[in-house]
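First the structure, in the form of structure tokens, and then the observations on it.
No lab work stands behind these numbers, since they all come straight from the coordinates. Everything quoted here is computed from the prediction, not taken from an experiment. Cβ: placed from backbone, ideal geometry, glycine included. Neighbour counts: every protein chain shown.
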Amino acid sequence: MKKLAVVFPGIGYHGDKPLLYYSKKIAAGYGFEVIEVPYGNFPKDVKGSAEKMEQAFKIALEQSGEILKDVAFEQYDRLLFLSKSIGTAVAAAFGEGRGLRSANIYYTPVEASLRIMSQPGIVFHGTNDSWAETEPLLRMCREKNYEVHLIENGNHSLETGNVLHDLENMGSIMAATDKYIRSIGMRNGDEYES
């Protein structure tokens, strides 16, 4: 079985930061080929500006199309999108625009993402995330039947400011990530490769 995981990062949260770094390793351990989408060149001061957020989204979506243009998605039996922040909107729009069916791990979706997320997946959100309010996010997740993992006092990077507590949270986040990837990535006796 051929499996592909595509990583859609945030504006300042690239694939070497903890959430994406560890989730990539988990996916690879379950036999997923991993492709990162290193888009960039965003406008400055995106936060708080709907216009700049829309501009950043369009830039990332266009660059994703260019970066992934030669990927033969139809050759894969399993497709997983790992996305962070604005990357959650990009992953949703990219998949929909190409008629792809993917499983998704949505790390800290921004409010703009909530309107377009439709593919199945799980959501991680910090209750102190200044990019998305908790109650509207929870309402959307209930409506779309998403499993939600809330990090109490977590910011947009799911960090609380207490390093030891953040490490404990990261362990829980990655355990839930592992469980989800295992549930969609394994069939016919596949085993985890450490």
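Summary of values
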read-out	value
Proximal lysine pairs, region 3-185, alpha carbons under 13 Å, eight or more residues apart or interchain	5
Share of pairwise Cα separations in region 1-107, more than 20 Å, in percent	35 percent
Volume per residue that the Cα convex hull of region 134-185 spans, once the total is divided by residue count, Å³	80 Å³
Size of electric dipole in region 3-185: Cβ of Lys, Arg +1 and of Asp, Glu -1, about Cα centre, debye, nearest 20	340 debye
Distribution of pairwise C-alpha distances over region 84-194, 10 Å bins, in %	14, 43, 32, 10, 0
Cα gyration tensor of region 3-185 - equivalent ellipsoid semi-axes, whole Å, descending	22, 20, 15
Qualifying trypsin sites (Lys or Arg not before Pro) for region 22-88 [loop in DSSP, other Cβ within 10 Å: at most 10]	44, 69
